[in-house]
Amino acid sequence: MTGHPHVAAVIVTYNSADVLGSCLRSLSEQGMPLAAVVVADNASRDNTCAIAEEFANLPVQVVKLGRNAGYAAGVNAGIAALDLTRLQAVLVLNADCRVLPGALIVLVSSLRQSGRGIVVPRLVRPNGSLLYSLRRRPTVHRALVQALMPDGLACRLWSLVEQVMDPRVYERPGVTAWATGAAMLLSVSAIREIGPWDESFLLYSEETEYCLRAADKGWRTWYEPAAVVEHIGGDSEFKPTFASLRVINKVVLFRRRHNRLHSAAYFAAVAVGEGIRAAAGRRTSRASITALLKPSRRIRELPAC
């Protein structure tokens, strides 16, 4: 790839004015050219688009979705704006990510290995602490362990829950079932075979579905700890509306991929867990159990928050 920009980036934004400049600046400091940077904007009401359009150090293009359509829709719109015939890889980013120096070169090098369709970096918080971004495949027994064990104990049962929480695993590269979608380098060959991201998941589980579908087609998701991306994150996971959406989507995704018996068992395990936590006073679990048991209360489109 030396001398020829065969990598592009897609950044999905929504009222991201506070973080977009830092994200773009980090891409401009990677030491390798980018063929294009598409900012796919979900109807921001701040000056997100102006910041993108005025950024001079990258070939930035703004694609306006016209509504708050969700992360998957933003990714799809961004990729659709690219000329994939001239590319080998596309970096998908949350706007609140900052790609640390040299990380993109490491990701691109790792993606060259046979069979790798997706490469994900080590995610850290702004203070440098590790984010547990890797996941195992969702199963009934993992959901049941998560449901019945107190949160602190479940976190220590590293091998029995879906989220990979053993810090030692994050020190070495390897295959993962799926990973947080905040930063992913996608092979263009994989993009063509896997197809677009599933926009029925407005938020949460879209990256799970994409990675699992990639695996169905023989593409591996590879974790590369030598590439580091800082992820600011947000407080949405602590809001009842978003917490319930996350729970609903993981149940919906499991149902799509499994038979009725397994789906019913998974639903029951998740519902039991949320019910226990709701009874203990957790607001997010009260919202989640309501959404699980009353489909009419489920979110149909993202709130303008």
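The values are calculated or read from the model by the stated rules, or taken from the named source; none is laboratory data. These numbers were taken from a predicted model, which means no experiment stands behind them. With ideal geometry, Cβ positions are generated from the backbone for all residues, glycine too; neighbour counts draw on all protein chains shown. Keep in mind that these areas ignore ligands, DNA and RNA; they rest on the heavy atoms of the full protein, side chains included. Shrake-Rupley method; radii C 1.70, N 1.55, O 1.52, S 1.80 Å.
Laid out as a table, the results:
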| read-out | value |
| --- | --- |
| Residues within region 62-102 that are assigned to a loop (DSSP other than H, G, I, E, B) and under 10 Å from Val10 (Cα atoms), tallied | 3 |
| Hits in region 84-96 - residues which are of a type outside the set (Gly, Ala, Ser) and either touching a residue at least 12 places away in the same chain (Cβ under 8 Å) or crowded, with 22+ Cβ neighbours inside 10 Å (or both) | Leu84, Arg86, Leu87, Gln88, Val90, Leu91, Val92, Leu93, Asn94, Asp96 |
| Test: Val99 is in contact with a Gly (Cβ under 9 Å, 6 or more places away or on another chain), surrounded by 23 or more Cβ atoms within 10 Å (Cβ to Cβ) and closer than 15 Å to Leu185 by Cβ | no |
| Residue satisfying all of: in region 1-16; of a type in the set (A, V, I, L, M) and open to solvent by less than 20 Å² (accessible area, probe 1.4 Å); nearest to Ala69 (Cα to Cα) among these | Val12 |
| Filter result for Ser244 (open to solvent by 30 Å² or more (accessible area, probe 1.4 Å), touching a residue at least 12 places away in the same chain (Cβ under 8 Å), within 29 Å of Ala77 (Cβ to Cβ) and of a type in the set (Ser, Thr, Tyr)) | no |
| Residue that is farthest from the chain's Cα centre (by Cα) [pool: residues in region 23-74 that are charged (D, E, K, R) and open to solvent by 20 Å² or more (accessible area, probe 1.4 Å)] | Glu54 |
| Wholly enclosed helices (runs of 4 or more DSSP H) of region 103-196 bearing at least 3 residues within 13 Å of Trp222 (Cα to Cα) and open to solvent by less than 70 Å² (accessible area, probe 1.4 Å) | 103-111 |
| Single residue of Val247, Val251, Val188, Val164 found to be more than 16 Å from the chain's Cα centre (by Cα) and farther than 16 Å from Val92 by Cβ | Val251 |
